[in-house]
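Comments concern the structure below.
What follows is calculated from the coordinates using simple rules that are stated; it is not laboratory data. Not measured: the values here are computed from a predicted model. All Cβ positions, glycine included, derive from the backbone under ideal geometry; neighbour counts span all protein chains shown.
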Amino acid sequence: MKKLHVPAPLMKIRETATLVGLTPGYLRRGCISGDVPCVKAGRAYLVNVPKLLDQLGVDYEEVGNQ
């Protein structure tokens, strides 16, 4: 099985949706309800992608600052 390459640990909702294959609306509602691990930065939500992928049971590899 292929590993998903995560470019950054915190990503905006639209970027995360594209990477993971979920809709932005689903992620936004999950951030608001607390079901999706995220932090609020001003008006934007930043999704904690590694924690989200752990919740979903997806195998991933972090790339970037290593």
## Note on the structure
Log entry, pairs with first residue in the stretch 39-63 being at positive phi, second being surrounded by 11 or more Cβ atoms within 10 Å (Cβ to Cβ), beta carbons closer than 6 Å, six or more apart or on different chains, reads none
### Task
Please work out which residue is surrounded by the most Cβ atoms within 10 Å (Cβ to Cβ), limiting yourself to the stretch 20-37 and to residues that are closer than 13 Å to Asn48 by Cβ and out of contact with any Gly (no Cβ under 7 Å at 6 or more places or on another chain).
Leu27
